[in-house]
Amino acid sequence: MDKLLTSICSSLNLAIFSRQTTEQFRLLSNTPDWLVFFLGQSVANDSVLTHTFPYLTCFMEDAEHHWQTQQTTPLTSGVWVEIDELGNELALEASAFCANGKAILLLQNLGEKYRQEVSHLQQLREGLLTQEKLENEVHKRTLKIKQREEEIAIKLVSLTSYRDEETGAHVKRIGLYAAAMGKALGWNTQQIDDIRIAAPMHDIGKIGIPDRILLKKGKLTEVEFDIMKRHTEIGAKMLHDSNIPVLDMAAQIAFCHHEKWDGSGYPRGLIGEDIPESARITAIVDIYDALVHERVYKKAMCEQEALDLMASMTGSHLDPDLFKVFSGLLPVMRRIRQEVNEIGDLLVSY
């Protein structure tokens, strides 16, 4: 073997064998020092490598097929570990291919390169574990922040629930309905969380409406209704300019949830998609929940009757496309209705 090939084999810790029979292999290269211990007396003779390295037994079946099909691209065994004469671990790998019609088997001691790769992979693994721990910690802290925001929202909403006929369960359901629609519309997690907290605050401006109007049992006069309509502006002023996304969305919903698709709503007479989507969603779920639940001033509608009424409102009051999304989520809405009957801790989900 010429000096160049010998130098290459030495630098790469390679031993080159040619297959003589199904089991026997002849060493073509010089014998690397690391291989002498394993081959022993068979160094000068043909070797049965599967006896020396039992790991190769299964690999030889694949290698045999590789050789028979005269493949020139290497087929590798994968890494395995042997113990040398000093008790050290050696990472070895075999490769099978054909060269000039001969079946060739390479054995390589991966040495320091393999240990470096293992160390690098271990560092990556530890880095990923550290990152996962940090992400979990961030998630926990974010969850706590969300829970605090929800508690604040419930406290704010409770200020109005003491003064009108709305219930805590109603405002909780509004948030869950709205979040389900946001998820169906492909909103990101932050937006979904925000609308779940913000939608229940849609009527928070009612805190600024006099009791004689807010609690009146009969029909409001035109003047009284004009005063009642101001709750949208009052709520928006209470919540705007906070630089907190969830409160900014709540202000938007409070201001616009009485706008109508055809422009006949209040306070600004916005038309169609000029109305914020969050407010259009809240309008749909608020009407649904109000229709299918009993209040002191009315009986509950059956769901189908409520849906028929809402369908007649699409194109005028309600966004037709969003109503289709809502209708497709009816099984989800029903589960929310069944589960949320009393005020409690809002779920951080979706």
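The values are calculated or read from the model by the stated rules, or taken from the named source; none is laboratory data. Only a predicted model underlies this, so the values are computations on that prediction, with no experimental measurement involved. Positions of Cβ are backbone-derived with ideal geometry, glycine not excepted, and every protein chain shown enters the neighbour counts.
Is there a residue being basic (Lys, Arg) and within 38 Å of the chain's Cα centre (by Cα) anywhere in region 192-203? Walk me through it before giving the result.
Just the residues of region 192-203 that are basic (Lys, Arg), to begin with: 196.
Next cut, within 38 Å of the chain's Cα centre (by Cα) only: 196.
For region 192-203, residues basic (Lys, Arg) and within 38 Å of the chain's Cα centre (by Cα): present.
Does Leu75 satisfy the criteria of being under 21 Å from Asn30 (Cα atoms) and surrounded by 12 or more Cβ atoms within 10 Å (Cβ to Cβ)? Lay out the reasoning, then the answer.
On the way: under 21 Å from Asn30 (Cα atoms): no; surrounded by 12 or more Cβ atoms within 10 Å (Cβ to Cβ): yes.
When the stated conditions are applied, Leu75 does not pass them.
Name the residue that is surrounded by the most Cβ atoms within 10 Å (Cβ to Cβ), counting only residues in region 278-294 that are in contact (Cβ under 8 Å) with a residue 60 or more places away in the chain and of a type in the set (D, E, K, R).
Selected residue: Asp286.
Among the residues of region 247-259, are any without any contact (Cβ under 8 Å) to a residue 40 or more places away in the chain and not in a helix (DSSP H, G or I)?
Yes, because at least one residue in region 247-259 is without any contact (Cβ under 8 Å) to a residue 40 or more places away in the chain and not in a helix (DSSP H, G or I).
Can you name the condition, by its number, that Glu305 falls short on among (1) part of a helix (DSSP H, G or I); (2) at pLDDT below 90?
Here Glu305 meets the rest and fails (2).
In the list Leu247, Leu215, which residue meets the criterion of being hydrophobic (A, V, I, L, M, F, W, C), farther than 21 Å from Leu318 by Cα and surrounded by 15 or more Cβ atoms within 10 Å (Cβ to Cβ)?
Details: Leu215 fails: surrounded by 15 or more Cβ atoms within 10 Å (Cβ to Cβ).
None of the other options fit; the residue is Leu247.
Please determine whether any residue of region 236-243 is out of contact with any Cys (no Cβ under 9 Å at 6 or more places or on another chain), within 24 Å of Arg173 (Cβ to Cβ) and in the same structural domain as Tyr288 (by TED's automatic domain parsing).
In the first step, residues of region 236-243 are kept if they are out of contact with any Cys (no Cβ under 9 Å at 6 or more places or on another chain); the result is 237-243.
Narrowing the set further to residues that are within 24 Å of Arg173 (Cβ to Cβ) leaves 238-239.
Filter once more, keeping what is in the same structural domain as Tyr288 (by TED's automatic domain parsing): 238-239.
Checked against the condition, which is being out of contact with any Cys (no Cβ under 9 Å at 6 or more places or on another chain), within 24 Å of Arg173 (Cβ to Cβ) and in the same structural domain as Tyr288 (by TED's automatic domain parsing), region 236-243 yields at least one hit.
Would you be able to tell me the number of residues in region 221-242 that are part of a loop (DSSP other than H, G, I, E, B) and within 16 Å of Pro267 (Cβ to Cβ)? Steps first, answer last, please.
Keep residues of region 221-242 that are part of a loop (DSSP other than H, G, I, E, B), which gives 221, 230, 240-242.
Filter again for within 16 Å of Pro267 (Cβ to Cβ), leaving 230, 240.
So the count comes out to 2.
Pick out the one residue from Asp226, Asp194 that is among the acidic types (Asp, Glu), closer than 16 Å to Arg280 by Cα and at pLDDT 90 or above.
Values: Asp226 fails: closer than 16 Å to Arg280 by Cα.
Criteria check complete, one pass: Asp194.
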